[in-house]
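Remarks on the structure that follows.
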Amino acid sequence: MDIKREDIIHLAELSNFSLPEKEIKSLQTDLQGIIRYISQLDELKVDDVEPTYQVFEMENVWREDEILPQEADREALLALTKEEKDNQIKVPKVL
Amino acid sequence: MKVANKKVTAERLVRDALEKAKHFEDYHIFTFINEEGALKKAREIDQKIARGEKVGRLAGVPYALKDNFLSTEGETTASAHILQGFNSPVTATSVAKLEAEGAIMIGRTNLDAFAHGSSTENSYFGPTLNSHDKQRVAGGSSGGSAVAVALDIVEFATGTDTGGSVRQPASFNGIYGLKPTYGTISRYGVVAMASSTDCIGFFTKTPEDMDLLMSVASGQDSKDMTTLPDYYNDSVYKKGPAKVGIIKDFDNDSVHPEIRKALKNKVELLKSKGHEIIELEMPALKYGLAAYYILVPAELCSNLSRHDGIRYGFRSEKSKDLDALYENTRNEGFMPENKRRIMIGNFVLSSGFYDAYFLKAAKARTLIVQEYARAFSKVDYILTPVSPNPAFKLGEKVDDPVAMYLEDVMSVSLNLAGVPGLAIPAGETKEGLSLGLQLVGPRRSDKALIEFSKELI
């Protein structure tokens with residue numbers, strides 16, 4: 001399939017990127033090449049094949065629902081942010 | 001590996017490693033040097049030894065940590081701008097296990113940002129140079145770790161392997177690199193790429209060192225629900241004649257002639273030692289790369305959605321509102337290759353394309369799993385190249401994503417199937433570039449791979 005300029009803009013929106021014009025152009029070329037390559041799976045007949053999403057051989061690993069001591073407390077986590085106020089993370093206006 | 005004792009102090013071992021790191025500065029291996037922290041730990045170990053107290057199996061052994069492992073020593077950046085300034089309050093389980101045995105981290109190593117790449121050129125900090133030829137790439141994504149071991153700066157280094165990121169740089173630098181069975185070593189505290197294929201692995205100079213590290217790091221972790229109960233330390237290796245498969249589909253003109261020759265030489269060596277060589281046909285493997293570059297971007301675009309500039313790392317300051325903050329931070333913080341992969345991930349998961357790409361790739365993955373199972377009903381091990389070419393020139397492929405992806409064509413299928421692979425040194429080209437092969441086994445055969453690799457020396 002052909003990747004159009006609008007497709008790149010849509011994918012950038014889904015990915016939360018604000019792309020400058022020259023990046024849109026180069027991504028259009030790059031993504032077109034990648035999608036052409038991965039489209040070779042079209043050759044495969046896999047209608048009757050079950051999909052595999054993971055290769056871990058155990059299922060339903062349960063644990064007790066209990067509060068355990070953690071390495072990082074609230075203070076340590078808040079210290080990682082750019083700005084905090086009253087034990088909360090400060091961000092620019094939302095609306 | 002050299003472990004500290006009464007005669008050789010940990011401080012001496014650490015000082016030597018720090019000096020060598022400085023000497024090889026121009027290779028651009030490290031993103032952080034842990035001089036103060038490492039020397040402090042070394043002195044503590046030396047005091048223990050002087051007092052006659054018990055020390056760990058890795059006492060005073062200097063090592064290098066790929067910069068996508070979280071620890072409280074140095075910023076964890078994954079060589080990405082968006083994580084700059086991130087001082088982790090938590091430590092990866094694998095790091096904690098190594099350090100509990102006395103290993104000392106002397107530096108964090110360079111990688112392709114978020115481990116996206118096969119050359120370490122996608123690092124925000126610039127590329128690491130190959131240990132055998134400074135005009136060439138180190139391989140990737142764990143390029144810094146591989147070169148740190150190859151130049152003998154440290155005894156071992158950690159890596160992550162999602163599609164070849166340990167094995168390929170190991171083979172580009174002439175050392176051992178193991179991608180264990182999926183779930184063998186805890187992924188807790190390691191920056192996630194693709195959760196269903198990510199594996200923690202190591203770089204070493206000998207199989208014996210690899211065995212020791214696996215023995216330390218393997219085992220179940222309550223913080224990673226996809227860890228297997230420790231099977232490694234219970235594994236029993238039976239010495240004796242083995243059946244070794246070679247893959248016909250990988251022996252053609254697309255593979256560099258000197259790599260084909262290296263494989264042939266090792267096959268002859270195995271025959272001379274009484275092992276049986278069996279030719280395998282594994283036609284599904286050729287779809288591995290396409291399936292990989294659908295499934296892995298799908299998983300990583302989800303894993304990387306957490307990087308929003310709010311809670312840690314870099315935040316773009318020029319944003320008026322919250323949406324702009326997300327977009328500017330991500331646009332400025334990710335490298336071009338990160339953006340390609342995130343967007344491909346969102347493409348293959350989009351409604352309308354999900355069935356044609358993601359679902360089809362997940363079905364192709366089933367064929368690959370089955371193909372390996374069939375192969376291992378006939379042979380004990382498979383011996384293949386790690387990559388089609390030895391280390392390529394810096395800048396040669398970095399602007400051509402598909403050409404770069406094709407370097408992974410022989411390594412990714414192991415990750416899709418969850419089986420282990422050990423990269424082993426296999427000589428050098430006429431120009432002096434290192435050559436590597438990989439020994440592949442069924443799930444949980446990690447110990448046997450390491451032991452059997454001694455037959456290939």
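Can you compute 3J(HN,Hα) from phi for each residue in the range B:438-446, using the Karplus curve 6.51 cos²θ - 1.76 cosθ + 1.60 with θ = phi - 60°, rounded to whole Hz and x for Gly and Pro?
Calculated HN-Hα couplings, in order: 10, 9, 10, x, x, 3, 6, 9, 3 Hz.
As I understand it, the value is the acute angle between the Cα axis of helix A:21-38 and the longest principal axis of the Cα atoms of chain A; what does it come to in degrees, rounded to 10?
70
Output ³J(HN,Hα) for the range B:68-74: one whole-Hz value per residue in order, computed from phi by the Karplus curve 6.51 cos²θ - 1.76 cosθ + 1.60 with θ = phi - 60°, and x for Gly and Pro.
Taking θ as phi minus 60°, the curve returns 10, 9, 6, 7, 7, 9, x Hz for the range B:68-74.
Evaluate the protein assembly as shown: find the radius of gyration of its Cα atoms, find its Kirkwood radius, and give the ratio Rg to Rh. Could the numbers behind the result be given before it?
Values: Rg = 22.9 Å, Rh = 23.9 Å.
Here Rg/Rh amounts to 0.96.
Order these by the 10 Å Cβ neighbour count, fewest first: B:Ile82, B:Ile33, A:Ile24, A:Ile38. Write out the running numbers ahead of the final one.
On the way: B:Ile82 28, B:Ile33 17, A:Ile24 14, A:Ile38 25.
So the residues, fewest neighbours to most, are A:Ile24, B:Ile33, A:Ile38, B:Ile82.
Going by how many other Cβ atoms sit within 10 Å of their own, how do B:Thr429, B:Thr160, A:Thr52, A:Thr29 line up, fewest first? Walk me through the numbers before you get to the answer.
Values: B:Thr429 18, B:Thr160 27, A:Thr52 22, A:Thr29 13.
Arranged by neighbour count, lowest to highest, B:Thr429, B:Thr160, A:Thr52, A:Thr29 become A:Thr29, B:Thr429, A:Thr52, B:Thr160.
Give, rounded to the nearest 20 debye, the magnitude of the charge dipole that chain B has about its Cα centre when Lys and Arg contribute +1 at Cβ and Asp and Glu contribute -1 at Cβ.
The dipole magnitude comes to about 900 debye.
Please tell me which of these pairs span more than 22 angstrom C-alpha to C-alpha: B:Lys266/B:Lys454; B:Lys273/B:Lys378; B:Lys41/B:Lys223; B:Lys339/B:Lys363; B:Lys248/B:Lys397?
B:Lys41/B:Lys223; B:Lys339/B:Lys363; B:Lys248/B:Lys397
What ³J(HN,Hα) values, in whole Hz, does the Karplus curve 6.51 cos²θ - 1.76 cosθ + 1.60 give for the range B:151-158 when θ = phi - 60°, with x put for Gly and Pro?
For the range B:151-158, the Karplus-derived couplings read 8, 6, 6, 10, 6, 7, 9, 8 Hz, x marking Gly and Pro.
Summarise the long-distance tail of P(r) for the range B:74-162 by giving the % of C-alpha pairs beyond 19 Å. Numbers along the way, then the final one.
Working: 1593 of 3916 pairs.
Result for the distance tail: 41 percent.
Over chain A, what lengths in whole Å, largest first, do the semi-axes of the equivalent ellipsoid take, defined as the square roots of 5 times the eigenvalues of the alpha-carbon gyration tensor? Kindly include the intermediate steps, with their values, before the conclusion.
Values: eigenvalues 307, 187, 21 Å².
They are 39, 31, 10 Å, listed from largest to smallest.
Mind checking which lysines have their Cα closer than 25 Å to the Cα of A:Lys85? Skip sequence neighbours fewer than 8 apart in that chain.
A:Lys93, B:Lys318, B:Lys320
Can you sort A:Arg63, B:Arg443 from fewest to most other Cβ atoms within 10 Å of each residue's own Cβ? Walk me through the numbers on the way to the answer.
Values: A:Arg63 8, B:Arg443 21.
Sorted ascending by nearby Cβ count, the order is A:Arg63, B:Arg443.
Scale the Cα Rg of the range B:227-362 by the rule-of-thumb value 2.2 N^0.38 Å and send over the ratio, two decimals. Walk me through the intermediate numbers first.
Numbers: Rg = 23.3 Å, N = 136, 2.2 N^0.38 = 14.2 Å.
For the range B:227-362, the normalised Cα radius of gyration is 1.64.
For chain B, just run the numbers: alpha carbon Rg, then divide by 2.2 N^0.38 Å, N being how many residues it has.
Chain B yields a ratio of 0.94.
Restricting attention to the range B:192-276, which chymotrypsin sites (Phe, Trp or Tyr not before Pro) occupy a DSSP loop and are surrounded by at most 14 other Cβ atoms within 10 Å?
Those satisfying the criteria are B:Tyr237.
Just so you know, all these numbers are worked out from the coordinates, no wet-lab data involved. All of these numbers come straight from a predicted model, not from anything done at the bench. Because the Cβ atoms are built from the backbone with ideal geometry, glycine has one as well, and the counts that use them run over all protein chains shown.
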